[in-house]
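Just so you know, all these numbers are worked out from the coordinates, no wet-lab data involved. Small disclaimer: the values here were computed from a predicted structure and weren't measured. Using ideal geometry, Cβ is built from the backbone for each residue, glycine included, and neighbour counts are taken over all protein chains shown.
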Amino acid sequence: MTIFLILAPYGAFTFLMLVAPAVVSVFAAALIAFAVITRDAVRGRSLKIFGAGGAVVFACIGLYLAFVDPSLATSKVKLAVDIGIFIVAAGSMLIRFPFTLQYAIESVPAETAAMPGFLRANYMITGAWAAASLLMMLSNLAVLYVPGMPFWTSLLIAFAARNSALYFTKWYPQYRERKYGAPAALPSTN
């Protein structure tokens, strides 16, 4: 359930970009991100870097589309979102607080969070998401600058990158537990 809520704004954005104008897609994603933030606040949970960063990215792009350039190409809107996701993911690692750490700390016992490999596991998983967003950025750049490249290629790469990062998020804590005997480092993604 946790991973679904984390990714809900991005899933909604991706789907809506296929059937609605870009401005509607980004504002809907921003509203969903703000709803997830509000849900967490009501439940007494902390403000998450990834959730807040996503909300800001979607809101800023939406405002740009609404007031500056409403005719911005779909591929450029997707590129802007992917750049924003990359900045949030990579930036969280640069400030030495990988965004997955907040979700993990809230869902594991304090003894698990104090284990030496716990922080490293979160860096690895956040890195997987940063790499996925980098691949999505590159695929959007290719659609923009490689003549004749089919649009569906970008969708296929985005789907594969997101699913690979999701799989890694589920797999890596289980791998660490088998290898080192330590409890899983992240919440269940069921």
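Computed quantities for the displayed model
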item: Percent of Cα pairs exceeding the 17 Å cut-off, where the set is region 76-129; result: 40 percent
item: Angle between the chain longest axis and helix 22-42 axis [Cα atoms, degrees, rounded to 10]; result: 20 degrees
item: Net length gained if the chain between Met115 and Phe159 were fully extended (0.36 nm per residue, minus Cα distance); result: 12.5 nm
item: Size descriptor, Kirkwood hydrodynamic radius, that averages inverse alpha-carbon separations across the chain, Å; result: 17.2 Å
item: Cβ charges +1 (Lys, Arg) and -1 (Asp, Glu), total dipole of the chain, debye; result: 320 debye
item: Extension gain, Ala41 back to Thr74 (0.36 nm per residue minus Cα-Cα distance, nm); result: 8.6 nm
item: Relative packing of 42-50, 30-38, which averages over residues the other C-beta atoms within 10 Å, highest first; result: 30-38, 42-50
item: Cβ-derived FRET efficiency at R0 35 Å, Ile105 paired with Leu18, nearest 0.05; result: 0.45
item: Stokes-Einstein D for region 1-109, Kirkwood Rh over Cα pairs, 4 °C, 1.567 mPa s (µm²/s); result: 90 µm²/s
item: Residue among Gly11, Ser154, Val108 farthest towards the positive dipole end of the chain, charges placed on Cβ; result: Val108
